[in-house]
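S.K.: Before we start, here is the structure in question, set down as structure tokens.
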Amino acid sequence: MKKFFLFFASIVLAVGMAACDSDEPEIDNGNPDTEIPSQPGDSDDPDNPETITGNYLVVWYSWSGNSERIARDLAELVDGEMVEIVPAVPYPDYSATAQRYREELAAIENSGIYPEIDTTVESFDDYDAVFLCYPLWGARMSTPTQGFLHKHRDKLAGKTLALVCSTASSGIDQTVADAHRICPEALLTEALQVYSSQTNQARALLSDWLERIGMAGGKER
């Protein structure tokens, strides 16, 4: 009996480790069954945030459509302009995109080569802050979004950059680390993660977040 128990326990442990080690990219596909954890991120002084007023730019990349819907809600809340990140080579179906993502991430990490992006913003000088909406792929910032940041990294130096990540289930800490790595001189606010199942109700989450980070447009219900 003891030998059987040890054998059974070893099988359970092996299966658990295999699940944790999976590198299958999580592409934002609007999974309605995703559990909704509590929203993270309290500001240092949530009752008295310093309000930032002015002109806002909402930059977005979306594979499934979730990040686009969130970006449009955000643009309405802050009365901002919108710019879509357009990859030079469009991304295909889920399986092919997952494979391509892994190859692009390897190119970024091993050679510093980012995906080519057709979108170009000539200057961010007219904007007081830039919002960036994007999906999470394999616990990382989607590679087209990384390509946009890399292309504009010098122009974003000293600019307030606010991240909004759409995710099916995983946390977004590594996407924030990607932004810090690519644009170390940008001024990042608290980032917001919106779960796929929350997309249609994102306005309230965005409103609360905008209030926390001191941006115009908070408190809408």
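The values are calculated or read from the model by the stated rules, or taken from the named source; none is laboratory data. All figures in this text were calculated on a predicted structure; none of them were measured in a lab. Counting neighbours? That spans all protein chains shown, and the Cβs are built from the backbone with ideal geometry, glycine included. To get the accessible areas, we keep the full protein, side chains included, count just its heavy atoms, and leave off ligands, DNA and RNA. Shrake-Rupley method; radii C 1.70, N 1.55, O 1.52, S 1.80 Å.
S.K.: Only residues in the range 57-79 that are of a type in the set (Lys, Arg) count as the first member; pair them with residues that are open to solvent by 50 Å² or more (accessible area, probe 1.4 Å), Cβ under 8 angstrom, at least 6 apart or cross-chain, and list the lot.
M.R.: Taking only residues 6 or more apart or on different chains, the pairs are ARG69/ASN200; ARG72/MET82.
S.K.: Something else now. Are any residues in the range 80-134 aliphatic (A, V, I, L, M) and either free of Cβ contacts under 8 Å to residues at least 24 places away in the same chain or part of a helix (DSSP H, G or I) (or both), and if so, which ones?
M.R.: The answer is ALA96, ALA98, LEU105, ALA106, ALA107, ILE108, ILE113.
S.K.: Take the range 162-194 and flag every residue that is farther than 19 Å from VAL59 by Cα and in contact (Cβ under 8 Å) with a residue 24 or more places away in the chain.
M.R.: Matches in the range 162-194: ALA168, SER169, SER170, GLY171, GLN174.
S.K.: Which members of the range 150-186 meet the condition of being under 12 Å from the mean Cα position of the chain (by Cα), buried (at least 17 other Cβ atoms within 10 Å of the Cβ) and in a helix (DSSP H, G or I)?
M.R.: Passing the criteria: THR175, VAL176, ASP178, ALA179.
S.K.: OK, next. List, please: which pairs have Cβ atoms under 6 Å, are six or more places apart or on different chains, and start with a residue in the range 198-213 that is touching a residue at least 24 places away in the same chain (Cβ under 8 Å) and open to solvent by less than 10 Å² (accessible area, probe 1.4 Å) and end with one that is of a type in the set (Val, Ile, Thr) and part of a helix (DSSP H, G or I)?
M.R.: Hits for this filter: ALA202/ILE70.
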